[in-house]
Structure formats: C-alpha cells, structure tokens
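The values are calculated or read from the model by the stated rules, or taken from the named source; none is laboratory data. Everything quoted here is computed from the prediction, not taken from an experiment. Neighbour counts run over all protein chains shown; Cβ positions are idealised from the backbone, glycine included.
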Amino acid sequence: SSVEKNVRLSAHVTRANGLSVLVTGAAGFIGSHVAIALKNRGDGVVGVDNFDNYYGRSLKETRRDLLELNGVYIVEGDINDSRLLSMLFDTVEFTHVMHLAAQVGVQYAVENPYAYVRSNVASLVTLLEQCKSAHPQPAVVWASSGSVYGVHNKVPYSETDRVDPPDTIYASTKRTGEEITHTYNRLHGLSITGLRFFTVYGPWGRPDMAYFSFVRNILQGEPITIYRAKNRVDPAREFIYIDDIVKGCVASLDTSGKSTGSGGLKNGSAPYRIFNLGNGSPVTVPALVAILEENLKMRVEKDVVDMCGDGDDSFAYVNISLAERELGYKPTTDLQTGLREFVKWYLWYYGKPLVEDSNV
Ligand code: NAD
C-alpha cells in the first residue's frame with residue numbers, strides 16, 4: 001500500500017548529527033512548526049498525521065506542502081494503528097518522539113467524547129507500547145494542556161499544584177495522559193516530558209480558535225461576542241506565540257535525558273517531567289480584539305453578553321519559573337508583535353491585502 005511505501009521511504013530520512021525524531025500531529029499547527037524547526041537545525045524528522053477533519057483538511061494539506069518544501073516527510077496514517085507504528089519503529093531508530101497529535105477543541109467534545117478517548121488516550125497507549133518495546137527506547141515529549149488546571153485552581157498555576165478533576169472531556173483526556181505517561185515512566189523506564197501549553201497562536205494557526213475567528217469577523221464586518229462576568233470583570237487568559245512554544249518544545253527534547261528501559265518502581269532513574277509553557281501575562285478578550293482592530297485598521301461591533309459566574313476564577317495565568325530554570329525557556333514575543341505576524345499571515349494566506357498595502 002502507499003502507506004507501506006511511505007514508511008519504507010522514511011528509512012532514508014537522514015540526520016546530520018542530531019536527533020532522530022518522530023513528530024505525531026505533524027500536519028497540525030504546532031506539529032508543523034516544530035517539525036520544520038527540528039529539520040532546519042539538522043535533526044532527522046519523520047512526521048505522522050491522520051489529517052482528521054476537525055477543522056477541515058485544506059490548511060493541513062497546505063502545511064504538508066510547506067513541510068515537504070522544508071524536507072520534512074509525512075506519513076499519512078493514524079497513531080491508533082499499531083501496525084503502522086511498528087512499521088515505523090522497525091524502519092527508523094528514533095531517539096525521540098514528539099507527540100503532538102490529539103483531538104483538540106473543548107466544545108466539540110460535548111457531542112463527540114469518543115473522538116477524544118480515541119485520539120488522546122487509546123492512541124497514547126499504542127504509542128507508548130511501541131516506545132516501550134523499541135531498542136533503544138526513545139525519550140518522549142508530549143503535549144498535555146494548561147486546561148488540566150481547570151478554572152478553580154489558585155493563580156498563578158504551578159506544576160506542583162494539586163489539580164482538581166477536570167471540567168471538560170478534553171482536559172480529562174489530557175490529565176489521563178499525564179497519569180498514563182507517569183505509569184510508563186515508573187514501570188518501563190521511559191523518559192517522559194509533558195508540556196502544559198496555554199493558548200498558542202500564530203501563523204498557520206487553528207481556524208477553530210477565537211483569535212482566528214475574530215480576524216474573520218472584523219474583515220467581514222460581523223460582530224464579536226464578548227463574555228463578561230456579572231461583576232463587569234472581563235475574563236483574562238494567556239496567549240503564547242508559536243515561536244516561543246517551538247523553542248520550549250525543542251529545549252524539552254534536548255534536555256529530556258535517556259529512557260533507561262530498566263523501569264522498576266524502585267530506581268525509576270528515567271526522568272518524568274511536567275512543564276508549564278505559557279508566558280505569565282494574561283490578557284482580556286477586549287484587549288486582544290483592540291490589537292487586532294489596530295492591525296487591520298478596522299473596527300468591529302461588540303456584543304457584550306453576561307456570564308453566570310462572578311468572574312473571580314476566570315483570571316488565569318501561569319508560573320513558568322520551572323521551565324525557565326530547567327529548559328532555559330524564555331518567551332520573547334509580546335502580544336502586539338505576535339498578533340501582527342498572525343494578521344500578516346492571515347491576509348497572505350487568504351489573499352487579502354492589508355488596507356495600507358493595497359493599491360486599490
Ligand atoms: P492541531 O489540531 O492543529 O494538530 C493536531 C494534529 O494531530 C492534527 O493535524 C490532527 O490531524 C492530528 N491527529 C489527531 N488525531 C490523530 C491520530 N489519531 N493519529 C494521527 N494524527 C492525529 O492542534 P495543535 O494546536 O497543533 O495542537 C498540538 C498539540 O498541542 C495537541 O496535543 C493539543 O492538545 C496540544 N495543545 C494545543 C494548544 C493550543 O493552544 N494550540 C493548547 C494546549 C495544548
């Protein structure tokens with residue numbers, strides 16, 4: 001089959017001197033950026049993605065073209081397919097797995113909970129089983145989510161905080177992933193790094209996310225709904241630029257140490273790590289919309305809707321000192337700069353000139 005042919009070809013993915021990395025979810029927003037960054041510094045990269053239809057295929061197909069232009073090779077397939085994974089692991093000796101495939105989105109889970117169990121829990125076990133039996137075992141870095149903190153935790157969120165049972169299916173599957181990876185670390189000596197990303201934005205981003213649809217609304221002259229707490233406080237949350245996240249992912253791979261393969265609940269010498277990757281600066285939706293309006297030189301109507309809560313628990317931000325210390329992680333892109341890059345990309349991708357650049 002064409003998948004088998006593609007897997008055979010991946011044996012020829014070379015690495016100059018660096019790591020040999022399997023990137024899952026490589027046609028996704030974060031996966032495509034990380035895969036290209038690794039390739040550009042000389043690592044061997046094989047991508048896998050099932051091109052799920054959650055936000056349509058077309059952006060993923062264009063990211064595939066971009067990956068291929070950069071010499072990154074993608075196998076189209078599902079990571080629940082243990083036969084596909086064992087073919088891949090038989091073909092390439094991976095030093096690392098960067099696991100970014102997931103069923104994303106919070107609302108979609110209300111109607112489609114099984115998609116999350118399948119792509120965020122079952123497939124994780126399938127992947128870890130492969131890593132467990134590989135010789136040598138690769139180190140695993142994977143995307144958990146800042147949503148595991150829920151809305152009731154005290155700010156700023158720290159990795160050592162106790163986390164309450166999650167309020168959403170998406171967050172439950174990510175929290176479950178943290179527990180399952182912990183078990184594989186203890187039992188099978190896999191090196192595990194879980195990354196709790198906060199809202200990531202930037203060029204090639206996800207059309208299902210609010211900042212993306214806000215730009216669409218502004219350009220089409222459609223109003224934006226803003227949810228405000230009863231006490232008139234606007235909820236604020238973290239937005240972190242894609243390049244900063246990529247640096248955090250790459251640093252995680254570089255510091256992930258070795259899987260020991262020895263497992264053993266007693267010695268447990270392979271590292272198990274969890275890091276917050278955010279930037280510690282929450283922003284409100286009206287502030288975000290104002291930056292987008294300024295970039296587009298257009299204004300949009302806002303429909304303010306009252307939420308039920310009093311807003312006390314919707315001011316979310318994160319402590320990143322652990323990642324700063326252990327990964328040398330230092331986010332450098334402020335929201336103005338990052339959103340400017342996003343708007344530029346959006347207008348280029350959808351073929352709309354900026355007003356100031358337009359000749360018409
Ligand atoms: P994305 O949807 O753009 O990328 C995920 C990719 O995984 C998609 O291309 C999808 O086709 C693929 N995929 C899904 N299920 C698969 C399966 N069973 N087999 C193979 N491929 C599969 O999302 P993203 O924003 O790039 O997210 C990457 C990771 O980061 C995810 O694990 C996500 O949960 C996590 N995360 C993202 C954010 C964010 O703000 N973007 C925040 C927290 C966590």
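Considering every residue within segment 183-191, establish whether at least one is closer than 23 Å to S321 by Cβ and modelled with pLDDT under 95. Checking segment 183-191: not a single residue is closer than 23 Å to S321 by Cβ and modelled with pLDDT under 95. Could you please let me know if Y184 is away from the ligand (no atom under 16 Å from the Cβ), of a type outside the set (S, T, N, Q) and in the same structural domain as V97 (by TED's automatic domain parsing)? Yes; evaluated as a whole, the condition is true for this residue. Among the numbered conditions (1) over 22 Å from Y201 (Cβ atoms); (2) part of a helix (DSSP H, G or I), the only one that E294 does not meet is (1). The single condition from (1) at pLDDT 95 or above; (2) assigned to a strand (DSSP E or B); (3) not basic (K, R) that L253 fails is (2).
For segment 63-78, name all the residues that are more than 8 Å from the ligand (Cβ to nearest atom), touching a residue at least 24 places away in the same chain (Cβ under 8 Å) and either acidic (D, E) or outside any helix (DSSP H, G or I) (or both). N70, G71, V72, Y73, I74, V75, E76 - these are the residues of segment 63-78 that are more than 8 Å from the ligand (Cβ to nearest atom), touching a residue at least 24 places away in the same chain (Cβ under 8 Å) and either acidic (D, E) or outside any helix (DSSP H, G or I) (or both).
This table checks each residue for (1) closer than 25 Å to L190 by Cα; (2) touching a helix residue (DSSP H, G or I) at 6+ places or on another chain (Cβ under 6 Å); (3) more than 15 Å from the ligand (Cβ to nearest atom); (4) at pLDDT below 95.
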position: R15; (1), (2), (3), (4): yes, no, yes, yes
position: D49; (1), (2), (3), (4): yes, no, no, no
position: E61; (1), (2), (3), (4): no, no, no, no
position: N80; (1), (2), (3), (4): yes, yes, no, no
position: T91; (1), (2), (3), (4): yes, yes, yes, yes
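When segment 297-328 is filtered for residues that are modelled with pLDDT of 95 or more, surrounded by 14 or more Cβ atoms within 10 Å (Cβ to Cβ) and part of a loop (DSSP other than H, G, I, E, B), the ones remaining, listed by number, are V300, N319, I320. If only residues of segment 98-136 that are more than 12 Å from the ligand (Cβ to nearest atom) and touching a strand residue (DSSP E or B) at 6+ places or on another chain (Cβ under 8 Å) are counted, the one that is nearest to F197 (Cα to Cα) is L128. As a summary of the residue check, M87 satisfies the conditions (1) in contact with a Leu (Cβ under 8 Å, 6 or more places away or on another chain); (2) away from the ligand (no atom under 11 Å from the Cβ); (3) of a type in the set (A, V, I, L, M, F, W, C) except for the one numbered (1).
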